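Undergrad: Handing you a structure now.
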Amino acid sequence: MRRKIPFFVFVAVSLLCQTVAAQVVDTRTKVDTLTFAERFSLKTNAVDWLLLTPNISFEYDVRATNWNRWAVVLNLKSNFKTAHTFLPGIVFEQTQVRIEGRNYWRTRPFDGRYIGKHSKWIDKLFSFRRKTSKHPLTTYYRGFYLAYDRFSYLFSSEGIRGNAFTGGFTYGIVRPLYEFSNGNSLDFELGVSAGVAYAKYDKYRLDRRANEYTVTQGGLSGIYPAISDIRVGFIYRFGKYPVTKKYRYRYDVDMVYANRVDSLILLKNNRRAERIRIDTLTRNAEYKFWDKYRELTGEKRFARIRSKAERTGQNPDSLIQKINAKYIKEEQQEKAQREKAKKRMDKKLNK
């Protein structure tokens, strides 16, 4: 027996497959000023609709430029209120007001100049840098959220109701779906939010005979880990500026900014090279000075040793060899110390 594919899944996958041919990422080097409509978008979450919870979100970009990557989101959701002759034994009621701060980004390949490889595993975990950009149409986001919830849940003999304040982090992806003829566009979103909730609630149960909910334990509170939101949603963007043109890196857009960054990097490299050259000249001068110093002082020292050996009747050559071997060992130790210091300095300069 063949299984039927849900209609909304078929529509979402079909639109997702059409985007590769319909939209490409903008690569122009130009700063655009966005209008109010181009900075504004409406969103909704299909997961909440499946749970019979109507919801809507308003997103607004912080700055009116195509290199801005920050946005604020206001989300509202609430159940329908229905009247019952007999109170239901299953209750799922929730109302939430939520605000988010999001940072959008796209993956960037290593170039060996400005975009270097990862140095630590934590850097690799959260970095936008990759060996290759496998999904150029995908825009990622990360951020934080704060939410206020009023809830009432009853799925067994005892339920809970109260309110909670939740805060935490959010992460997800946005993929372009379709661009309409009037310039507006539709995007597909996947994401999750998780954090910590401080809840104040009561436990209650349904009294069938009295047809009322009776509180069994009141005034409870606590701090709990919480998955605040799972998103499988859609974003409708106004204006003639789809997501493929937004949330770009300023270096790729603003030539004035890029030249300024290049000049600072060049100045830093020149200073580092000059510092290395001066340190090298200083080390060479010190080495030559001490080498000559040891040569001169060594000749005088050996003359004193010969005269002393003649007075004491010792073999001057064997005595000189012993002393010479001692100084050679000291020189080798000093040379090894200089090499270690040089390596430490080069390592600091290369950071």
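Undergrad: Being under 24 Å from R248 (Cα atoms) and without any contact (Cβ under 8 Å) to a residue 24 or more places away in the chain narrows it down to one of R69, R63, R39, so name that one.
TA: Answer to the check: R63.
Undergrad: Another question, if that's okay. Tell me, which residue of segment 235-266 that is open to solvent by 80 Å² or more (accessible area, probe 1.4 Å) and touching a residue at least 60 places away in the same chain (Cβ under 8 Å) is farthest from the chain's Cα centre (by Cα)?
TA: Selected residue: K240.
Undergrad: List the pairs whose first member sits in segment 327-350 and is under 20 Å from L281 (Cα atoms), whose second member is modelled with pLDDT of 80 or more and open to solvent by less than 100 Å² (accessible area, probe 1.4 Å), and whose Cβ atoms are under 8 Å apart, counting only residues at least 6 apart or on separate chains?
TA: R338/R283; K342/R283; M345/D279; D346/I276; L349/R272; L349/I276
Undergrad: A follow-up question, please. Starting from segment 267-283, keep only residues that are over 15 Å from A341 (Cα atoms), then list their pairs with residues that are modelled with pLDDT under 90 whose Cβ atoms are within a distance under 6 Å, requiring at least 6 positions of separation or different chains.
TA: Cβ pairs passing all conditions: R272/L349.
For every residue, the table says whether it meets (1) modelled with pLDDT of 95 or more; (2) within 23 Å of the chain's Cα centre (by Cα); (3) not hydroxyl-bearing (S, T, Y).
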residue: L34; (1), (2), (3): no, no, yes
residue: W67; (1), (2), (3): no, yes, yes
residue: S78; (1), (2), (3): no, no, no
residue: F86; (1), (2), (3): no, no, yes
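Undergrad: Right, something else. Could you list, in sequence order, all residues of segment 142-157 that are surrounded by fewer than 18 Cβ atoms within 10 Å (Cβ to Cβ) and either at pLDDT 90 or above or among the aromatic types (F, W, Y) (or both)? Break it down into steps so the answer makes sense when it comes.
TA: Step one: list which residues in segment 142-157 are surrounded by fewer than 18 Cβ atoms within 10 Å (Cβ to Cβ), which gives 142, 144, 146, 148, 150, 153, 155-157.
Passing the criteria: R142, F144, L146, Y148, R150, Y153, F155.
Undergrad: Same structure, new question: Can you tell me how many residues in segment 14-32 are open to solvent by less than 50 Å² (accessible area, probe 1.4 Å) and either at pLDDT 85 or above or not aliphatic (A, V, I, L, M) (or both)? Full working, then the answer.
TA: Residues of segment 14-32 open to solvent by less than 50 Å² (accessible area, probe 1.4 Å): 14-15, 19, 23, 25-26, 32.
Narrowing the set further to residues that are either at pLDDT 85 or above or not aliphatic (A, V, I, L, M) (or both) leaves 14, 19, 23, 26, 32.
Going through segment 14-32 one residue at a time, the tally reaches 5.
Undergrad: Name the single residue, out of those in segment 267-298 being open to solvent by 100 Å² or more (accessible area, probe 1.4 Å) and modelled with pLDDT of 85 or more, that is farthest from L186 (Cα to Cα).
TA: So, considering only residues that are open to solvent by 100 Å² or more (accessible area, probe 1.4 Å) and modelled with pLDDT of 85 or more, the one farthest from L186 (Cα to Cα) is R277.
Undergrad: So which residues in segment 205-252 are outside any strand (DSSP E or B), closer than 22 Å to S57 by Cβ and not aromatic (F, W, Y), if there are any at all?
TA: The answer is G239, K240, P242, V243, T244, K245, K246.
Undergrad: Within the group S157, S181, which residue is assigned to a loop (DSSP other than H, G, I, E, B) and in contact with a strand residue (DSSP E or B) (Cβ under 7 Å, 6 or more places away or on another chain)? Step through it out loud before you land on a result.
TA: Numbers: S181 fails: in contact with a strand residue (DSSP E or B) (Cβ under 7 Å, 6 or more places away or on another chain).
Just a single option satisfies the conditions, and that option is S157.
Undergrad: Here is a list of conditions, (1) over 23 Å from L76 (Cβ atoms); (2) among the aromatic types (F, W, Y); (3) touching a helix residue (DSSP H, G or I) at 6+ places or on another chain (Cβ under 8 Å), and F188 meets all of them except one; can you say which number that is?
TA: Looking at each condition in turn, F188 falls short on (1).
Undergrad: Please indicate, with yes or no, whether at least one residue in segment 158-173 is β-branched (V, I, T), more than 26 Å from I90 (Cα to Cα) and out of contact with any helix residue (DSSP H, G or I) (no Cβ under 8 Å at 6 or more places or on another chain). Walk me through how you get there before you give the answer.
TA: Of all residues in segment 158-173, those β-branched (V, I, T) come to 160, 166, 170, 173.
So of that shortlist, the ones also more than 26 Å from I90 (Cα to Cα) come out as 170, 173.
Those still in the list that are out of contact with any helix residue (DSSP H, G or I) (no Cβ under 8 Å at 6 or more places or on another chain) too: 170, 173.
Checked segment 158-173: at least one residue is β-branched (V, I, T), more than 26 Å from I90 (Cα to Cα) and out of contact with any helix residue (DSSP H, G or I) (no Cβ under 8 Å at 6 or more places or on another chain).
Undergrad: A further question on this structure: Quick one: count up the residues across segment 160-203 that are within 26 Å of E38 (Cα to Cα) and among the charged types (D, E, K, R).
TA: Here the count works out to 4.
Undergrad: Something else about it: Take segment 180-234 and flag every residue that is small (G, A, S), modelled with pLDDT of 90 or more and open to solvent by 40 Å² or more (accessible area, probe 1.4 Å). It would help to see each step written out before you state the result.
TA: Here is the first cut: in segment 180-234, the residues small (G, A, S) are 181, 183, 185, 191, 193-195, 197, 199, 210, 218-219, 221-222, 226, 228, 233.
Subset that is modelled with pLDDT of 90 or more: 185, 191, 193-195, 197, 199, 221-222, 226, 233.
A194, S221, listed by residue number.
Undergrad: From the residues in segment 189-227 that are touching a strand residue (DSSP E or B) at 6+ places or on another chain (Cβ under 7 Å) and polar (S, T, N, Q), which one is nearest to G167 (Cα to Cα)?
TA: S193
The values are calculated or read from the model by the stated rules, or taken from the named source; none is laboratory data. Remember, predicted model here, so these are calculated numbers, not experimental data. With ideal geometry, Cβ positions are generated from the backbone for all residues, glycine too; neighbour counts draw on all protein chains shown. Please note that ligands, DNA and RNA were not included when accessible areas were found on the heavy atoms of the full protein model with its side chains. Shrake-Rupley method; radii C 1.70, N 1.55, O 1.52, S 1.80 Å.
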